[in-house]
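Visitor: Dumping the structure here so I can ask a few things about it.
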Amino acid sequence: MATNILEMRKITKTFPGVKALEDVELSVEAGEIHGICGENGAGKSTLMKVLSGVYPHGNYDGEIFYDGEVAKFSSIKDSEHHGVVIIHQELALIPHLSVAENIFLGNEQRGKTGLIDWNATNHEAEKLMDRVGLHENPTTPVSQLGVGKQQLIEIAKALSKEVRLLILDEPTAALNDEDSAHLLGLLRQLKASGITSIMISHKLNEIANIADRTTILRDGRTIETLDMSDKDSTQDRIIRGMVGRELENRFPSRTPKIGEEVLRVENWTVFHPTQPGRVVVDKAHLSVKAGEVVGIAGLMGAGRTELAMSLFGKSYGRDITGQVFKHGEPIGIRNVAEAIDHGIAYATEDRKKYGLNLIEDVRRNISAASLGKLSVRGWINGNQELKVAEEYRTSMNIKTPSVLQTVGNLSGGNQQKVVLSKWIYSDADVLILDEPTRGIDVGAKYEIYTIINRLVAEGKAVILISSELPELLGTCDRIYTIAFGRVTGEVLLKDATPEGLMELMTQEKASQGASAQTKEKKSS
Amino acid sequence: MTAILNLKELVTRNARQSGIYIAFVFIVAFFAILTEGTLLSPGNLTNIVLQYSYILILAIGMVIVIIGGHIDLSVGSLVALTGAVSAVVVIRGGNPWWMGVLAAIAVGLIAGVWQGFWVAFVGIPAFITTLAGMLLFRGLTLQTLNNISLSPFPTEYSKIAAGFQNGLFGGPGFDVFTLVIFAIAVVGYGVSALRGRRARLAYKQSVEAMPLFITRLVVVAAVVMAFGYQLSRSRGLPNVLIILAILIIAYTLVTTRSVFGRHVYAIGGNLNAAMLSGVKVRWVNFGIMVNMGFLAGVAGVVFSSRSNGAQPSAGQMFELDAIAACFIGGAAVTGGVGRVTGAMVGGLIMAVMSNGMQLMGIDQSTQQVVKGLVLLLAVAFDVYNKRRARG
């Protein structure tokens, strides 16, 4: 039996008015990969912040035993010194610095003179990059690399600090399947070399796949720790522990009532905003009908978001050409305000950066896109605005003590509901939802799907962009696939399979060879 | 959700704002004691109003600039330039006083359009644009005045800032007219507060408890009437106070109730989200800068009227006083947060401190040290509060 490298006993952490953690217990064996699951707001991140010294000793109640000794970390620096390194969901890399500079940031390789020894830095960086399977020039600026590679840099950075306990908070949230697989493989390698990992993830299949044991948190308490080698420890078992009930169906059912075409896009071509000549969206076409949920499937960088944002009042790209038809009539949209006037809404994939004013309250975020409705000659009716916010708080089940609460204080799922409220209140009849369930927990996801169903039942058209194929298959009536900026396929739900979609999503060129291959597949 | 709030909840809810008011009360009391009451004497209160009105006018525009996430370093130079143009029109050109006022405001607007163009449509950061403006407008001031001061203005013009409304109803030892105006203001405030409370109740929003509400009205009324009484014992109601009051009311409405104001907060809070919510960011930024130019023009008129002439070096460091007033008044360096009333209280804190120290005969150098420290501490307090709120 392996010994425990970490034991957290009776950890309680309170914020003004909220008990974020209550008597939480966590024990991690040396050399294992330990999964942590829980709904948003269950206390996972808070627990990891306690562990890594973000909340220093004395700031919480309870005890931490690390390596058999009582640990009293006073800061991140202190915990890192003991080999505990945390990698946050939002990567902490400096975009304009090189890979090597980022790896040794705060831990610079100095020569005898006290100045940075660049040869040593780059050489050591290469060795670390090799360990994580990153084959790039160490002098490349980080901003030129994709998110997947940036994640690897974070791990290399952790290795440079001689990490013994690596904490990853949602490491694959922003990664595509290929990069995720690579990352998980890397975690296994690290395990083989004796590094213990704690991994927080909403992707239960990954947890099931990689974790040796999994601890489930709910409402700031430890619910249980599952041994994943036990065959009863299924994904459904984890979900049951997280939500306290069995989710017999992850997607609410819906009987489609599809009407007339609402929006049609033809020959839509978009160029990259800063790199001249680079085509991001290439002669794309799509259409959506009233009461229909249309999915857009594509890998990261395929041009899904770029397509959506360029449609939404040209908020992305340049030299945009193509036609847009609303109810069969050609329309021209020059800016976001006109798009909103034409009844188009776009709920972004990055709600914190593009969707919400985090320092403003729930009320004003909901009204942000529809002030025209709330005002007379430029003057806002503040009381009416409050009334509207209250209505949406109830109808969308936004969990907040008051609509005057700052949005930044809400959990991800509730923030997403605020974003959706904002667009529903704008009276849009075409809603483009870009990754609406990213980074939110299972229970809130179900609520979002229910809201989508309600919208289409009211005769609105929904375009759903998602990286998760099960989500597309569970909610859409029809799915377009996008690869390298082109629409490579259009599949009705009854014909769609994950394998078939994935093949279309990775199709490189619409050459005859590829289409022949598809035919072959169909006939077989 | 109807809820009746007690005092503690009210203070904690508005911690950011109430901190400033409490600080203001303490600073006033502190200097009133140190100056043995001279600070609050009729003559000195009148003096404070006349002496700092143009900073307060600038701070109104500046707080909107700062909420939008920008900064304006050019307002001091622009005050000088607008005042200079006005002086040239009135003193050198022999035109009536109102033509000087119009010319100054027109120049302010043109300068605002100029800077707004670069900030909003070319995308030059306001810091750079207005740093250039600071040099540009100062240079133009020197050229307009040929490097020499122009004075004096005709009496009508100098009455804008140095004149008073009084004597209409006479009065023994104090001016009844001033008191009547202040009483009307207090009643108006009371009525609007009561109507606001009723509307909030009708929409099932939380309000403060009735005894607390009445206490608040009585305290505000008492302070305002005491201030009015002191003014009436001196020279009556200063004209600039009327200008200032109109501007404060108008801009409080603009920032809290208008779509434009809301868009300014949205841009400062999250530029990308504002853009994707259909806010016409460029036009709003343009409007912010034009408005600042307009208010700089007004301040230019007031300042030239008060100093009864135009000097090439007028208005130096005004921008810093106005910016300091905004930050002391709770505006956030990162944008998206701030209030007109906060900036006014911030400006008054600076005013009372300067004035109090002058009365005590503290020399200029020490005054600057103290003011610098107060600015730093005010923002430090704000940063500390925010960090604590985040947990």
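Visitor: List the DSSP H helices in chain B whose Cα atoms stretch 20 Å or more along the helix axis and whose mean Kyte-Doolittle hydropathy is at least 0.0.
Guide: Counting only whole DSSP H runs, the qualifying helices are B:15-34, B:42-67, B:97-116, B:126-145, B:176-202, B:210-233, B:239-257, B:281-306, B:340-359, B:364-390.
Visitor: Starting with the fewest neighbours, write out B:Tyr189, A:Tyr346 ranked by other beta-carbon atoms found within 10 Å of each beta-carbon.
Guide: Details: B:Tyr189 14, A:Tyr346 29.
Least crowded to most crowded, the residues run B:Tyr189, A:Tyr346.
Visitor: Next question. When DSSP beta bridges are limited to those with both residues in the protein assembly as shown, what percentage is antiparallel, rounded to the nearest 5? Each step should come with its number before you reach the end.
Guide: Values: 52 of 90 bridges.
Percentage antiparallel, nearest 5: 60.
Visitor: If I model a spin label as a point 7 Å beyond the Cα along the Cα-Cβ vector, how far apart are those points for B:Ala245 and A:Asp341 in nm?
Guide: Once both label points are built, they end up 4.2 nm from each other.
Visitor: Is there a quick way to get the dipole size of chain A? I mean about its Cα centre, with the Cβ of Lys and Arg at +1 and of Asp and Glu at -1; what is the value in debye to the nearest 20?
Guide: Working: 61 positive and 71 negative charges, 216 e Å.
Using Cβ point charges on Lys, Arg, Asp and Glu, chain A gives about 1040 debye.
Visitor: Would you mind computing, in nm to one decimal, how far apart the modelled labels at B:Ala132 and A:Thr406 are, each placed 7 Å from Cα along Cα→Cβ?
Guide: The modelled label-to-label distance comes out at 3.6 nm.
Visitor: What does the charge dipole of region A:261-523 about its Cα centre add up to, to the nearest 20 debye, if the Cβ of each Lys and Arg holds +1 and the Cβ of each Asp and Glu holds -1?
Guide: Computed charge dipole of region A:261-523: roughly 360 debye.
Visitor: Tilt of helix A:442-457 relative to the longest C-alpha principal axis of chain A, in degrees (0 to 90, nearest 10)?
Guide: Compared with the principal axis, the helix lies near 0 degrees.
Visitor: With axes computed from alpha carbons, what is the tilt in degrees of helix A:512-523 against the longest principal axis of chain A, rounded to the nearest 10 within 0 to 90?
Guide: With rounding to tens, the tilt is 90 degrees.
Visitor: Can you pull the mean other chain C-beta count within 10 Å for peptide A:374-382? List each step's numbers first, then the result.
Guide: Details: counts 2, 4, 0, 2, 6, 7, 7, 2, 7.
For peptide A:374-382, the averaged partner shielding equals 4.
Visitor: Another one. Counting pairs of alpha carbon atoms under 8 Å apart in space and at least six apart in sequence, what relative contact order in percent does region A:261-523 give?
Guide: Working: 497 pairs, mean separation 68.4, N = 263.
Averaging sequence separation for qualifying contacts and normalising by length gives 26 percent for region A:261-523.
Visitor: Figure the gain on full extension for A:Arg9 and A:Arg221 (residue separation times 0.36 nm, minus the Cα-Cα span) and round it to one decimal in nm. Please report the intermediate quantities before stating the final value.
Guide: Working: separation 212, 0.36 × 212 = 76.32 nm, distance 1.17 nm.
Taking A:Arg9 through A:Arg221 to full extension adds about 75.1 nm, to one decimal.
Visitor: Over chain A, what relative contact order in percent results from Cα pairs under 8 Å that are six or more residues apart? Write down the numbers at each step before the final one.
Guide: Numbers: 1017 pairs, mean separation 73.1, N = 524.
Relative contact order for chain A comes out at 14 percent.
Visitor: Given a Förster distance of 30 Å, report the FRET efficiency between A:Lys72 and A:Arg110 from their Cβ-Cβ distance, rounded to the nearest 0.05. The partial results should precede the final answer.
Guide: Working: r = 29 Å, r/R0 = 0.98.
Efficiency at R0 = 30 Å is approximately 0.55.
Visitor: For an R0 of 60 angstrom, estimate the FRET efficiency from the Cβ-Cβ distance between A:Ile94 and B:Leu194 and round to the nearest 0.05.
Guide: 0.60
Visitor: Oh, and also: Just want the ordering: A:Ser375, B:Ser192, from fewest to most Cβ atoms lying within 10 Å of their own Cβ. Don't skip to the answer; put the middle values down first.
Guide: Numbers: A:Ser375 19, B:Ser192 10.
The order, fewest Cβ neighbours first, is B:Ser192, A:Ser375.
Visitor: Hey, another quick one. Between region B:258-315 and region A:122-193, how far is it from one alpha carbon centroid to the other, in angstrom?
Guide: 47 Å
Visitor: Now, a different point. When chain B is modelled as a GNM with alpha-carbon springs shorter than 10 Å, which of B:Ile22, B:Ile349, B:Ile242 fluctuates the most?
Guide: In the Gaussian network model the winner is B:Ile22.
Visitor: Counting other C-beta atoms within 10 Å, which of B:Tyr229, A:Tyr316 has the fewest, and how do the rest follow? Walk me through the numbers on the way to the answer.
Guide: Details: B:Tyr229 16, A:Tyr316 20.
Ordered from fewest to most neighbouring Cβ atoms within 10 Å, B:Tyr229, A:Tyr316 come out as B:Tyr229, A:Tyr316.
Visitor: Specify whether the C-alpha gyration tensor of chain B places it in the rounded, prolate or oblate class, a ≥ b ≥ c being the square roots of the eigenvalues: rounded for a/c under 1.5, otherwise prolate if a/b is larger than b/c and oblate if not. Could the numbers behind the result be given before it?
Guide: Working: a/c = 1.55, a/b = 1.11, b/c = 1.39.
The shape class here is oblate.
Visitor: Treating only the Cβ atoms of Lys and Arg (+1) and Asp and Glu (-1) as charged, compute the dipole magnitude of region A:4-243 about its Cα centre; round to the nearest 20 debye.
Guide: On the way: 25 positive and 36 negative charges, 63 e Å.
Dipole magnitude for region A:4-243 comes out near 300 debye.
Visitor: Put +1 on the Cβ of every Lys and Arg and -1 on every Asp and Glu Cβ in chain A; which of A:Ser75, A:Asn176, A:Asn137 then has its Cα farthest towards the positive end of the dipole?
Guide: A:Asn176
Visitor: In region A:261-523, what % of DSSP beta bridges are antiparallel (nearest 5)?
Guide: The antiparallel proportion sits near 55 percent.
Visitor: Projecting each Cα onto the charge dipole of region B:167-234 (Lys/Arg +1, Asp/Glu -1 at the beta carbon, about the Cα centre), which of B:Met225, B:Gln205, B:Val191 comes out farthest on the positive side?
Guide: The Cα lying farthest towards the positive end belongs to B:Gln205.
Visitor: Here is a follow-up. What is the mean number of Cβ atoms from other protein chains located within 10 Å of the Cβ atom of each residue in peptide A:336-342, rounded to a whole number? Intermediate results must be reported in sequence, preceding the final value.
Guide: Values: counts 8, 4, 1, 2, 3, 1, 0.
If you average over the peptide's residues, the count of other-chain Cβ atoms is 3.
Visitor: A further question follows. Helix-derived [θ] at 222 nm for the protein assembly as shown: sum -39500 (n - 2.57) over DSSP H runs of at least 4, divide by residue count, nearest 500?
Guide: Details: 34 runs with 458 residues, N = 915.
Helices in the protein assembly as shown give a 222 nm mean residue ellipticity of -16000 deg cm²/dmol.
Visitor: So, in nm, how far is label B:Gln364 from label B:Phe117 when the simple model puts each one 7 Å beyond its Cα toward the Cβ?
Guide: Each label point lies 7 Å from its Cα, and together they span 3.8 nm.
Visitor: Considering only A:Ala369, A:Gln384, A:Leu190, whose Cα is most displaced toward the positive end of the charge dipole of chain A, charges sitting on Cβ of Lys, Arg (+1) and Asp, Glu (-1)?
Guide: The one lying farthest along the dipole's positive direction is A:Gln384.
Visitor: Follow-up question, since we're still on this one. Given the options B:Leu131, B:Leu373, B:Leu320, which has the most mean-square fluctuation in a GNM of chain B, springs set between C-alpha atoms less than 10 angstrom apart?
Guide: Judging by the Gaussian network model, the answer is B:Leu373.
Visitor: Kindly state, to the nearest 0.05, the FRET efficiency for A:His285 paired with A:His82, given R0 = 56 Å and r defined as their beta-carbon distance.
Guide: Computed FRET efficiency for A:His285 and A:His82 comes out at 0.50.
Visitor: Oh, and also: If you count the DSSP beta bridges with both ends in region A:4-243, what percent of them are antiparallel, to the nearest 5? Before the final figure, lay out each step's value.
Guide: Numbers: 23 of 40 bridges.
Once the DSSP bridges in region A:4-243 are tallied, antiparallel ones form about 60 percent.
Every read-out reported here was derived from the displayed coordinates using simple, explicitly stated rules and does not represent laboratory data. Every value quoted in this text rests on a predicted model; they were computed, and no experiment measured them. Note that each Cβ is placed from the backbone with ideal geometry, even for glycine, and that neighbours are counted across all protein chains shown.
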